[in-house]
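Heads up: the structure comes next, in structure tokens.
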Amino acid sequence: MDERTETTRGHSFWFWLSLVGGLFLLFVVLLWTAAWYTLRSSGTSAAGFSGFGSGQIAVVDLKGVILSADKTDEQLEKFANDDSVKAIILHIDSPGGGAAASQEIYHEVLRIRSQHKKRIVASIASVGASGAYYIATATDRIYANQASIIGSVGVIMQWINYGDLLKWAKLKDVTLKAGALKDAGSPTRALTPAEQAYFQGLIDNMHMQFIQDVATGRRLPAKDVQGLATGQVWTGEQALGLHLIDQTGGFRVALLDTARAVGIKGEPEIVRPRERHPGLIDLLGASSKLQFPNPGELQSLLEKSPGFYFLWQ
């Protein structure tokens, strides 16, 4: 074997060693960067991490129409179990939503306050009405801007009746049932007096639950809340005089007041729930998920899902 062959083999060895080492180093750098970005974007303690500080305030956003309690309950539970989080702010901008979903979040807030002894306050942005206000009353303190929309203690159930359209098209609805009220609320015909009384009884019962829970949360006599439970709304400035909120002021006011209340000195550290960042496959294969419904589509959604709502429209 000549000297030239030995040199070539030596070069090949060092070349492959350098290539493998470089790729490994690149992998380590990418892994570290991904871990750092994940921790930074998640607000550290949002996914069970203890975080870098012990004076954190968690912020859970409650926005849009409330159709499910699962996501909000899960976020509240994670922060409730995180010892580095000293308090939770529910940042509300919602007209309410499903009666049962709103009620479920209300009771979750009460449970966390009772079992975990953790302070939870509500900061209402533009709107905190009906089911969203219901939830806010379960917190330790409610903040709202002077021009925020507050209240709407009431229940609504509605759907579109297209019976006349069927008649015009010469179509007939065929329904087989067992039970006189099994098809109550059919959109193909008018309500009977018995059906109307039936639904009104359910709505009145839910209304009284709403009133009792608001009275409990706000520590007000039920008769006082009942006098306000007409479904109407007030500005934050008006709501303060009616004892529907505790203080006027925006999110910053709520944040600093809450920090002082739980013994945090100086600027509090804010943590939020971790948000899943879509990857390339998500963007290419599930682009429809990035679209948001317009108001007309939202109304259509509610019409397709008839039920009982704590909703300001």
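Below are the figures for this structure:
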| item | result |
| --- | --- |
| Lys182/Arg219 FRET efficiency (R0 35 Å; Cβ-Cβ; nearest 0.05) | 0.25 |
| Calculated from backbone phi, Karplus (6.51, -1.76, 1.60) coupling profile of the range 92-98 in Hz, x at Gly/Pro | 9, 8, 8, x, x, x, x |
| Candidates per trypsin sites (Lys or Arg not before Pro) in the range 144-177, loop by DSSP, up to 10 other Cβ within 10 Å | Lys170, Lys172, Lys177 |
| Set of lysines with alpha-carbon distance to Lys63 below 18 Å, sequence-local pairs under 8 removed | Lys71, Lys289 |
| Under 5 Å, built H, 5+ apart or other chain: amide partners of Ala129 | Ser94, Gly96 |
| Net charge, His91 excluded, C-beta distance under 10 Å - Lys, Arg +1, Asp, Glu -1 | 0 |
| Around Gly249: net Lys/Arg minus Asp/Glu count, Cβ-Cβ under 14 Å | 0 |
| In the range 114-211, the chymotrypsin sites (Phe, Trp or Tyr not before Pro) that fall in loop regions by DSSP, at most 15 other Cβ within 10 Å | Trp159, Tyr162 |
| Long-range amide H partners of Ile245 with built H, under 5 Å | Leu240 |
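Readers should treat all values here as calculations from the given coordinates under stated rules, not as data from a laboratory. Please read all numbers here as calculations on a predicted model, not as lab measurements. With ideal geometry, Cβ positions are generated from the backbone for all residues, glycine too; neighbour counts draw on all protein chains shown.
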